[in-house]
Amino acid sequence: SLLRESLGLVNAEIVGRRDDISSNKQGPSGRIVRFHSVGEQQWLRIESLRLSSADERIVNSFVRQLARSIEQRRLRDLAMDAETLSKADELRTALLRSVSHDLRTPLANIKASVSSIRQPDVTWTKAEYDDFLASIEDETDRLASIIDDVLDLSRIESGVMQPRVSRVPLLEVIQDAV
């Protein structure tokens with residue numbers, strides 16, 4: 001507002017494209033249209049009455065400050081994006097470690113049960129044999145559930161599946177988790 005009144009500015013806007021390469025162009029009714037670079041592919045388009053050289057220096061100073069401000073905002077946004085990506089990468093790494101551990105546990109139990117059953121020098125009772133088979137079945141179900149969860153996460157991340165948020169009784173969640 002102050003620049004507009006004191007310098008005779010008619011219009012000032014940031015545009016993403018500069019149609020005219022020349023820095024000064026005669027506009028309608030004696031107005032001058034100027035383009036000043038204020039960042040990567042951003043231009044300040046200023047439409048004003050004729051400016052004195054002193055007023056032109058003030059406008060140029062304003063444009064430089066605006067360019068610095070826009071560049072600082074762009075760099076801050078880039079830093080925030082980098083931080084977000086870094087946090088997402090840390091979460092993926094933590095999830096991978098957790099899933100690796102969760103996959104190994106049922107596999108180790110299945111392997112131990114099968115190895116025990118296959119020992120040629122040991123005779124197992126029917127009850128012991130059934131316990132080994134029940135353990136193999138339980139651990140296989142646990143493994144399938146983990147794999148289903150990982151596949152669901154992958155579908156959610158890729159946008160193929162949308163999570164549905166709903167209220168669930170806490171006791172039900174605890175029972176399913178245990």
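Values in this text are rule-based calculations from the coordinates and carry no lab data. Just so it is clear, the structure is predicted and the values come from calculations on it, not from any experiment. Because the Cβ atoms are built from the backbone with ideal geometry, glycine has one as well, and the counts that use them run over all protein chains shown.
Values for this structure:
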{"quantity": "Rg(Cα) / (2.2 N^0.38 Å) computed for segment 81-148, rounded to two decimals", "calculated": "1.66"}
{"quantity": "Segment 28-117 - percent relative contact order, Cα under 8 Å, separation 6 or more", "calculated": "20 percent"}
{"quantity": "Normalised per residue, the volume of the convex hull around the Cα set of the chain (Å³)", "calculated": "217 Å³"}
{"quantity": "Scattering curve values for segment 117-178, log₁₀ I(q)/I(0), Debye with Cα scatterers, q = 0.14, 0.16 Å⁻¹", "calculated": "-0.67, -0.76"}
{"quantity": "Dipole-positive endmost among Q65, L78, Q41 within the chain (Cβ charges, Cα centre)", "calculated": "Q65"}
{"quantity": "The chain: calculated mean residue ellipticity at 222 nm from DSSP helix runs of at least 4, using -39500 (n - 2.57)", "calculated": "-22500 deg cm²/dmol"}
